[in-house]
Structures are given as structure tokens and as C-alpha cells.
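The values are calculated or read from the model by the stated rules, or taken from the named source; none is laboratory data. Keep in mind the model is a prediction, meaning the values are calculated, not measured. Cβ: placed from backbone, ideal geometry, glycine included. Neighbour counts: every protein chain shown.
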Amino acid sequence: MKSRRKAIKAELLRESKDHPGYFKYKVTIKEEDGKEHDVPAYGKDMQDAIERLVWSERIDKVTKAKGIMPVFAALLMALVAAAGMVGVMKNNPLWVLGGLGIAALSLLASNLVDSYLHKE
């Protein structure tokens, strides 16, 4: 059976100075290889703090995998440029508007995904 990361200890450090009603906790995490390290976590209670810690680590994992975005942006710009060239060759501005519409929808979708991943 594969070992997993575990929160083995959590202790209350103090009440938050900047955000009333929130507390700062110190969570000790045991990694898969057996090493332990402490991580600060903030929340209204200990369960909330650990949930926020797990959520922020999940976001970090997704952010590391975000290396595809520059490639996606380059392909999107190429699509808009190609639509522009077809529009000029056919003397029809609808091709240009279609390319810009696809670009706008793609940017809107990526913005919605990003805001969902970084919600509190």
C-alpha cells in the first residue's frame, strides 16, 4: 500500500491580527518519504484552516501544470490572424469577427476557470 501525505499534528498559534474571527494554526505534514515539515494555515477553526491548506496546495499543483497556457495563447493568436487573412482574401469581415469572437470566448472561459480555482 502506497503511503500518502498526512497532517499529523495541528496546533493553534494565535488569533489573526489582520482578520478578526480567523486564527493561525501550525500544521505538521508528514510527506510520503517520511519527512515532516510545518506549514502555516489560517481559518475560522482548525477544520476550515486544513480545508484552506488543502485547497491552496491543489491550486499550486494546477498552477504548475499551467505551462500549456502560452502555447494555447499562441495558437489562439494564429487562429485570429488566419481568420483575418481569410477575411481580407474573401473581402468579408465576418471571418475577422468570427476569429475575434472565438478569442474573446476562449479568454472568458480561461478567466472563469482561473477565478474558480482561486476562490476563497
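Structural remarks
- Qualifying residue in region 76-91 (condition: assigned to a helix (DSSP H, G or I), under 30 Å from Ser56 (Cβ atoms) and in contact (Cβ under 8 Å) with a residue 24 or more places away in the chain): yes
- Ser16 being among the polar types (S, T, N, Q), under 24 Å from Tyr116 (Cβ atoms) and not assigned by TED's automatic domain parsing to the domain that holds Val113: no
- Residue match in region 78-86 (condition: out of contact with any Gly (no Cβ under 9 Å at 6 or more places or on another chain), over 30 Å from Val113 (Cα atoms) and modelled with pLDDT under 90): yes
- Checked against (1) surrounded by 11 or more Cβ atoms within 10 Å (Cβ to Cβ); (2) part of a loop (DSSP other than H, G, I, E, B), Asp18 passes all but condition (1).
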